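Here the structure comes first, spelled out in structure tokens, and everything after it is commentary.
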Amino acid sequence: MNEEIKNCRRCDLWKTRTNVVVGEGSLSADIMFIGEAPGYNEDKQGRPFVGKAGKILDELLNSVGLKREEIYITNILKCRPPGNRDPLPEEIKACTPYLDEQIEMIDPRKICTLGNFATDYILTSFGLKSENIGRIHGKIFKASETLDIIPLYHPAVAVYNPNMRPILIEDFKKIL
Ligand code: URA
């Protein structure tokens, strides 16, 4: 599947990408994190969450004793939208079959969605009602007997607003 994603031309983002960011971590992870889309640094390196938001994500993971190697991290979109604009509905539609396959393959016990785009897509795709992340961050939704969905603020919210950090830290504790 990775080769297919790396050669993908299902939407126009292939024209402006440097690298496809498939995702990384353990393929037998119990916990999966899903962000929005690669940014500048992720596009350059082909790895998820390696820029400023990634640094905050690493701190948050550290704060609850989680290591990147034991989780799996990916995004709703595998290619960077130019200028980091929001993903378009047609891009989400074209790209998320890859995410669906990744979820099926990894078969996690918990899916942590980072920000509104991932939260909307995942809750809706498991037949649950989505709401703005400001209302549902840190809540635990039962998607099935064996799968919890935990919406979290996107770590980027703490890049320019340090007041968000303690809220993120509290929410991350709910993962365990
Ligand atoms: N923001 C995201 O949502 N994903 C990344 O991989 C990097 C920044």
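Values quoted throughout were computed directly from the atomic coordinates according to the rules given, and no laboratory measurement underlies them. What you see is a predicted model; the values in this text were computed from it and never measured. Cβ atoms come from the backbone with ideal geometry, glycine included; neighbour counts cover every protein chain shown.
Calculate the dipole size of the range 2-173 relative to its Cα centre from +1 charges on Lys and Arg beta carbons and -1 charges on Asp and Glu beta carbons; express the result in debye to the nearest 20. All intermediate terms of the calculation are to be shown ahead of the outcome.
Working: 23 positive and 25 negative charges, 99 e Å.
The calculation lands at about 480 debye.
Each of Ile167, Pro89, Leu123 was scored by the projection of its Cα onto the charge dipole of the chain, and the greatest displacement toward the positive side belongs to Ile167; charges sit on the C-beta of Lys, Arg, Asp and Glu. Comparing Tyr72, Ala156, Cys8 along the charge dipole axis of the chain, the residue lying farthest to the positive side is Ala156, per the Cβ-charge model.
Using alpha carbons only, the radius of gyration of the chain set against its Kirkwood radius gives Rg/Rh = 0.93.
Over all other residues within a Cβ to Cβ distance under 12 Å of Leu168, the charged ones net out to 0, with Lys and Arg as +1 and Asp and Glu as -1. At full extension, Ser125 and Lys93 could sit 10.3 nm farther apart than now, given 0.36 nm per residue minus the alpha carbon distance. When the C-alpha to C-alpha distance is required to be over 29 Å, the pairs from Lys67/Lys142; Lys6/Lys129; Lys6/Lys174; Lys129/Lys174; Lys52/Lys129 that qualify are Lys6/Lys129; Lys6/Lys174; Lys52/Lys129.
Selection among Met32, Val50, Ile111 by position relative to the dipole of the chain gives Val50 as farthest towards the positive end (Cβ unit charges, Cα centre).
With +1 on each Lys and Arg Cβ and -1 on each Asp and Glu Cβ, and nothing else charged, work out how big the dipole of the range 56-121 is about its Cα centre, in Debye to the nearest 20.
140
Each label point was placed 7 Å from the Cα along the Cα-to-Cβ direction; for Asp30 and Asn84 their separation is 3.3 nm.
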